[in-house]
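Below is one structure; the comments refer to it alone.
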Amino acid sequence: MISFFEIKEGLLVSLRSIRANKMRSVLTMTGIAFGIWAVTMMGAAIEGVSRAFEKSTSAFGSKVLYVQKFAWAMGDEEYWKARNRRNMKVEYADLIARQATLLDAVAPAVLTLKDAQFGSRTMLSCFVTGTTHSYQEASGTTIREGRFFSQEESDGGRPVCTIGANVAETLFPNTDPIDQTIKVGGYPYRILAVFEKQGGMFGTFTSDNRIYIPINAFMNHYGTRRDVTLNVRVAQTADLDEAREELRGIMRKVRQLSVGQEDDFSINESDLLNKIFQGVTVIIASVGFIITGLSLFVGGIGIMNIMYVSVTERTREIGVRKAIGARRVTILAQFLFEAALICAIGGLIGIAFAYPSSLILDQFMPTAMPVSIVAIAILVSILTGIVSGMLPAYKASKLDPVDALRYE
Amino acid sequence: MAENSIVIDLQQIVKTYDMGGAEEVHALRGVSVRICKNEYVAIMGPSGSGKSTLMNIIGCLDTPTSGRYEFNGINVSDMNDNDLAKVRNKEIGFVFQTFNLLARSDALHNVELPLIYAGIPSAERRRQANEALAHVGLAARVHHKPNELSGGQRQRVAVARALVNKPSILLADEPTGNLDTKTGEEIMALFEELHHQGNTIILVTHEESIAEHAHRIIRVRDGMVESDKVIKGEAVNAA
């Protein structure tokens, strides 16, 4: 087919040609560099968001189930149907806990938005969660400092609270929040503990921006007519599917559903978020890559253009090479090498710029540039070169040696 | 002479160019020529005579419309591009009027080029290329690029390139056309020497003074052989 020596010669000729036409090569490379930069940035952004998402959903705990009136992903019709469901009740938590064998902890949670205040500092619209002492175990969150409220405090509706890391940072930038009293929606609560920071993209859904108070205190202060979420932690040793089935069975009993009736509750889990997110990512990625791919396409056209120029300029050289024994495939390979080499260098430049750019972008959104993205980017740039160089190289390989030698 | 010493055997070669529509140009109208090993032949003719077409066919750069061309006993008249490339690489050494060296490569690399296409490993390649350059008196110039060499030296590099694969024929197209008289004579002396060493040389020219160096002159006119005369030395073709 084509010998190693011919390949070496092809690369050598390409390098010489690129060096001999510096300005032209640099300009063409710039086009590819831009394209690869854009595509790589897109890749880094999508990878970063995916990773951040995974990290964020892991904050929900992989073995935590949420019994709720609504499912996390619902169509319009399903939603309107679910609206007529009876609300979840706090008492369910005890009923589930008593009957379950595969479930470790159950904690009801109710939610409202209130302003939190300490001295002159205010945090507007905090998520305030009313729950029981079981919450910490049920949610799998870790406490950085202090202790979660006890069963006595929970049952008695004591004015105590545990706050998220962001709440602590906002209200207590310089002082230790433990044992301080904050006002939430006008009512005072003594801080018992601060949660470990969870980070991620779902600030409002993680503990970071939340204040946890005993559910009885919540009901007393902010009213009782609220929808309840039941946080249920599956036992470490239990199978998730079996545990979910058990929970479903218990819930059906609790809700007194007869055999033929549909479930009038939803069991949500973090996996569901992953599935929704993956669907969204695929769409964003496709659109993003099409748009950024366009710039690469334009770069590719530039390569094609310059390769046509190169072939025309070197018509005579092609004739000489053919006269002394270069076969079609040799000439084809030589020009493909040149196109691929220009693109590979352009691609490397693009990647070299993409890395610092991704660090800047990282200030605004999560990004990640693993080796796989870099490898794909290099591959894509070489491929661009081969694809764009194909037509000009084919033209060169088809040149008639007699005509080519006569070309002035 | 034995039959197998015939290198080039052209039988009734016709070359017609289709110029589009009904118009056709008959560049060659049935040329039959035999050239034997170690002949020194000049092909002459005014422009438009078909001389260049004949050279292209002999050089396996082009194929005849009809007729049979045997090169070293092998029919090359209907070979495909790749096989013709192999024949050119191994059997034919080209020397052009304008030298046609690769401008960005030094003399050594220029001479190595046919060996690269022949798939010869680099150490052996370098050895053979150096040898060929030494043979044409350029041992001291191997790393010079064409623009650092005089016209005569460039043509010597081209001759070295043509010879490096030890081809069956050396095909030179107006080799002195771009050289001054003195340098031209030097190149012709080199050809004479190569002929003495046993090379088969075919010279294409329109200059009588150059053609006179050859031992046989084939004159082409209007696509036909006008005359074919042995002018000096032993009559190799007459056997």
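At a glance:
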| quantity | calculated |
| --- | --- |
| Output for segment A:329-370, where each listed residue is within 14 Å of chain B (Cβ to nearest Cβ) and touching a Phe, Trp or Tyr at 6+ places or on another chain (Cβ under 9 Å) | A:Thr330, A:Leu332 |
| Residue ID - nearest to the other protein chains (Cβ to nearest Cβ), chosen from residues in segment B:72-91 that are in contact with a helix residue (DSSP H, G or I) (Cβ under 8 Å, 6 or more places away or on another chain) and in contact (Cβ under 8 Å) with a residue 40 or more places away in the chain | B:Asn89 |
| Unmet criterion (only one of (1) among the charged types (D, E, K, R); (2) assigned to a loop (DSSP other than H, G, I, E, B); (3) in contact with a Ser or Thr (Cβ under 9 Å, 6 or more places away or on another chain)) for A:Arg86 | (3) |
| Segment A:229-247, subset surrounded by fewer than 14 Cβ atoms within 10 Å (Cβ to Cβ) and in a helix (DSSP H, G or I), residue modelled with the lowest pLDDT | A:Asp241 |
| Pair list, Cβ under 8 Å, 6 or more apart: segment A:379-408 residue closer than 27 Å to A:Ser295 by Cα and assigned by TED's automatic domain parsing to the domain that holds A:Arg327, other residue in a helix (DSSP H, G or I) and among the charged types (D, E, K, R) | A:Gly389/A:Glu338 |
| Filter pass, A:Arg316 being of a type in the set (D, E, K, R), surrounded by fewer than 22 Cβ atoms within 10 Å (Cβ to Cβ), closer than 23 Å to B:Leu163 by Cα and facing chain B (nearest Cβ under 10 Å) | yes |
| Count - residues of segment B:54-69 that are assigned to a loop (DSSP other than H, G, I, E, B) and facing chain A (nearest Cβ under 10 Å) | 4 |
| Residues (in contact with a helix residue (DSSP H, G or I) (Cβ under 6 Å, 6 or more places away or on another chain) and of a type in the set (Asp, Glu)) located in segment B:24-47 | B:Glu39 |
| Selection within segment A:1-28 - facing chain B (nearest Cβ under 10 Å), loosely packed, with under 14 Cβ neighbours inside 10 Å and of a type in the set (D, E, K, R) | A:Lys8, A:Arg19 |
| Residues being surrounded by fewer than 19 Cβ atoms within 10 Å (Cβ to Cβ) and under 15 Å from A:Lys183 (Cα atoms) - total across segment A:108-117 | 4 |
| Every residue from segment A:266-313 that is among the small types (Gly, Ala, Ser), surrounded by 16 or more Cβ atoms within 10 Å (Cβ to Cβ) and assigned to a helix (DSSP H, G or I) | A:Ser270, A:Ala285, A:Gly288, A:Gly293, A:Ser295, A:Gly299, A:Gly300, A:Gly302, A:Ser310 |
| Number of positions in segment A:248-264 that are at pLDDT below 90 and surrounded by 15 or more Cβ atoms within 10 Å (Cβ to Cβ) | 3 |
| For A:Leu95: the one exception among (1) of a type outside the set (Ser, Thr, Tyr); (2) part of a helix (DSSP H, G or I); (3) not assigned by TED's automatic domain parsing to the domain that holds A:Ala235 | (3) |
| Selected residue (only one of A:Ala33, A:Ala52 is of a type in the set (A, V, I, L, M, F, W, C), in contact with a Gly (Cβ under 8 Å, 6 or more places away or on another chain) and modelled with pLDDT under 85) | A:Ala52 |
| Qualifying positions in segment B:32-52 - within 14 Å of another protein chain (Cβ to nearest Cβ) and either surrounded by fewer than 23 Cβ atoms within 10 Å (Cβ to Cβ) or of a type in the set (Lys, Arg) (or both) | B:Ser47, B:Lys51, B:Ser52 |
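The values are calculated or read from the model by the stated rules, or taken from the named source; none is laboratory data. Since the structure is predicted, the reported quantities are computational estimates derived from the model, not experimental observations. Cβ atoms come from the backbone with ideal geometry, glycine included; neighbour counts cover every protein chain shown.
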